[in-house]
Amino acid sequence: MWRMESARLVAGLVRLVRDVGMAEELAQDALVAALEQWPETGTPRNPGAWLMAVAKRRAVDQFRRRETLDRKYLEIARDLETEVPEPTAGEIRDDLLRLIFTACHPVLSAEARVALTLKLLGGLKTEEIARAFLVGESTVAQRLVRAKKALAKADVRYEVPSGPELAGRLASVLEVIYLIFNEGYSATAGDDLMRPELCADAQRLGRVLARLMPREPEVHGLVALMEIQASRAGARVDANGEPVLLLEQDRTRWNRLLIGLGLDALEKAERLGPRGPYTAQAAIAACHARAARPEDTDWARIADLYAELASVNPSPVVELNRAVALSMAHGPQAGLDLVDALAGEPALSRYHLLPTVRGDLLVKLGRPAEARAEFERAAGLTRNTRERALLLDRAAACG
C-alpha cells in the first residue's frame, strides 16, 4: 500500500507545507502510525486519505510546537486545520507533476536526482536504492539529505515550469528516468548483468509521466524506448546468468506485449512532433523488434537513424553505435574506419564498448591477434563481472 500511495501523499504534503524534506518526514510519520494501528484496527477503506489525515495532524502539531512562528507557517497551519475536500484527479495529477519536476531539478547532481526520484516517486527505501546502485547506504542517505538542503537553499519553487524553461527541465526529468532504466538494463558494476527491478521502476515512472503529459512527444519516445528494450530482458542472459549478444538471442523469448506497448508509444511520439533523441533511439529499437530473425534487420535504416540521432544529440557513443550499424549494412571495414576515427575521443578513453566493438570488427576481418588484444583491454575496463567473463572468453576464442 505504501508503494502505491507514497508518491501521491508526499506530493500533496509538499503543496501544503512547501518543503520537500518536511513533507517526506510527515509521510514517514504517517507510515509509522499505520504500521502501529492497522494490524489492530484493520486497513481503512481509503488508506491514502487516512495517511494524509494523520500527516496533516502531525504538521499542525509541529507548527504549533515551534517557539517562533512567522506568518507563512501560521497561514499553513490554519490551512491544514481547515477541512480539505478529497483531491480531484486533476489535483493529484498536478501534485505528482510538481513533485517530479522538483525531484529532478537541475540544481541537484545527477546522483542526487536519481536517489530523490526513487525515494519520493518510486517509494524505495534508502537501503533498496543503495543495493540497486551498489553503493553504501550512508552514501545514499547523505545524497538525500544534501538534495533536500540544496532545494531549500536554492528556494526551488514547487511547480511545473512553463514556456522556454519547460523544455530544459523536462529534459532533466527524462534523463533521470532513463538513467534509472539504464542502470537496471546494463548494470555498470557487480555480479549481475541486469537489475530488472530498476527497469520496472523506470518504466512505471515513464508511464506515469506519459499520462500526466500526454502532448509531449519525447515523453512517449522514452516510454517506447524503455518498453522495447525491456522486452528483450528474458533473452539477454542464459540459464547460468551469462550474457547473450543481441544477434544470438532467441527472439521467441522477447516479450511481445512490451513490444506492442513500445510500438504504440512510438507511434504517438512520431505523430506529436519531429523525432527527438529518445524517439530516434526508440525507432532504432523498433527496427530490431520488428525483425523476426537477425538477418531480417534493416541495418541501412538503423545507420540512417543513428545519423539522424547524431544530428540532434551529437555524441561519441552515438557514433560508435552508428559504426556497428554501418558494419552490418556495408561491411566490417566501413565500421572499423569510423571506430578508428573515434579512438582519440576523451569521452571514450575508459569506455569498454569501444575496444569491444573494435575487437568484433577485427574478428570479422580475419585479424584475430589484434581482436584478442582489444577484448582483453575491454575486459580490463568493465566493472561488471559477467561482462568481463564474456570478454575474456571472446579473447580466448581468438587463439
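Which one, GLY21, GLY206, GLY168, has the greatest fluctuation when you compute a Gaussian network model over the chain with C-alpha springs under 10 angstrom?
GLY168
Using a Förster distance of 45 angstrom, determine the FRET efficiency expected from the C-beta separation of LEU247 and ALA150, and round it to 0.05. Don't skip to the end; give the middle numbers.
Details: r = 45 Å, r/R0 = 0.99.
Efficiency computed from Cβ-Cβ geometry: 0.50.
Give the calculated FRET efficiency between LYS364 and ARG204 to the nearest 0.05, with a Förster radius of 45 Å applied to their Cβ-Cβ distance.
Working: r = 40 Å, r/R0 = 0.89.
Efficiency, from the Cβ-Cβ distance: 0.65.
As an exercise, use a Förster radius of 56 Å and the Cβ-Cβ distance of GLU159 and THR385 to find the FRET efficiency, rounded to the nearest 0.05. Walk me through the numbers before you get to the answer.
On the way: r = 44 Å, r/R0 = 0.79.
For GLU159 and THR385, the calculated efficiency is 0.80.
Quick check: the angle from helix 89-103's long axis to the longest principal axis of the chain, C-alpha only, nearest 10 degrees?
Long axis of 89-103 versus the principal axis of the chain: about 60 degrees.
For ASP340 and ARG215 in one chain, what is 0.36 nm times their gap in residues minus the Cα-Cα distance, to one decimal in nm? The partial results should precede the final answer.
On the way: separation 125, 0.36 × 125 = 45.00 nm, distance 4.12 nm.
Taking 0.36 nm per residue and subtracting the Cα distance, the gain is 40.9 nm.
Once amide H atoms are placed 1.01 Å from N in the peptide plane, what residues at a sequence separation of 5 or more from VAL237, or on another chain, have their amide H within under 5 Å of its amide H?
VAL244
Can you pull out the trypsin sites (Lys or Arg not before Pro) in region 20-69 that DSSP calls coil and that have at most 13 other Cβ atoms within 10 Å?
Working: sites: ARG45, LYS56, ARG57, ARG58, ARG64, ARG65, ARG66; in loops: ARG45, ARG66.
Filter output for region 20-69: ARG45, ARG66.
What angle, in degrees between 0 and 90 and rounded to the nearest 10, separates the Cα long axis of helix 137-153 from the longest principal axis of the Cα atoms of the chain?
The angle comes out near 60 degrees.
What are the ³J(HN,Hα) couplings of region 206-215, residue after residue, when phi is run through the Karplus curve with 6.51, -1.76, 1.60 and θ = phi - 60°? Round to Hz, x for glycine and proline.
Each residue of region 206-215 in turn: x, 5, 4, 4, 5, 6, 7, 10, x, 9 Hz.
Highest GNM mean-square fluctuation, the chain, Cα pairs closer than 10 Å: which of TRP254, TRP299, TRP50?
With Cα springs under 10 Å in the chain, the top fluctuation among TRP254, TRP299, TRP50 is at TRP50.
Helix 217-230 against the longest principal axis of the chain: what's the angle in degrees, Cα atoms only, rounded to the nearest 10?
The answer is roughly 60 degrees.
Roughly speaking, what is the centre-to-centre gap between region 27-68 and region 310-334 when only Cα atoms are used, to the nearest Å?
55 Å
Taking 0.36 nm per intervening residue step and subtracting the Cα-Cα distance, what contour gain separates ALA397 from GLU267 on full extension? List each step's numbers first, then the result.
Values: separation 130, 0.36 × 130 = 46.80 nm, distance 4.24 nm.
My answer for the length gained is 42.6 nm.
State whether region 308-399 is rounded, prolate or oblate according to the following rule on the C-alpha gyration tensor (a ≥ b ≥ c being the square roots of its eigenvalues): a/c under 1.5 gives rounded; otherwise a/b larger than b/c gives prolate, and the remaining case gives oblate.
Values: a/c = 2.16, a/b = 1.33, b/c = 1.62.
Since a/c reaches 1.5 but b/c is at least a/b, the shape of region 308-399 is classed as oblate.
Would you order ILE302, ILE180 from fewest to most other beta-carbon atoms within 10 Å of each residue's own beta-carbon?
Details: ILE302 23, ILE180 27.
Ordered by Cβ neighbours within 10 Å, fewest first: ILE302, ILE180.
Lys and Arg at +1, Asp and Glu at -1: add these up for the other residues within a Cβ distance under 10 Å of ALA289 and post the number. Don't skip to the answer; put the middle values down first.
Values: positive: ARG232, ARG251, ARG256, ARG290; negative: GLU227.
For residues surrounding ALA289, the net value is +3.
When the chain is fully extended, how far beyond the present Cα-Cα distance does ALA49 get from ALA347, taking 0.36 nm per residue of separation? Write down the numbers at each step before the final one.
Numbers: separation 298, 0.36 × 298 = 107.28 nm, distance 4.95 nm.
Result: 102.3 nm gained on full extension.
Which three extents, in angstrom, do the Cα atoms of region 173-268 have along their principal axes, listed largest first?
43, 28, 17
Once you place label points 7 Å from the Cα toward the Cβ at ALA307 and ARG64, how far apart are they in nm?
Label at ALA307, label at ARG64, 7.1 nm between them.
Computed over the Cα atoms of the chain, what is the ratio Rg over Rh, Rh following Kirkwood?
Using only Cα positions, Rg/Rh for the chain is 1.03.
Would you calculate a helix-derived [θ] at 222 nm for the chain, using -39,500 (n - 2.57) for each DSSP H run of n ≥ 4 and dividing by the full residue count, to the nearest 500? Walk me through the numbers before you get to the answer.
Details: 19 runs with 282 residues, N = 399.
Calculated mean residue ellipticity at 222 nm is -23000 deg cm²/dmol.
Every read-out reported here was derived from the displayed coordinates using simple, explicitly stated rules and does not represent laboratory data. Predicted, not measured: the structure shown is a model, and the values here were computed from it. Methodologically, a virtual Cβ is constructed for each residue, glycine included, from the backbone with ideal geometry; neighbour enumeration extends over all protein chains shown.
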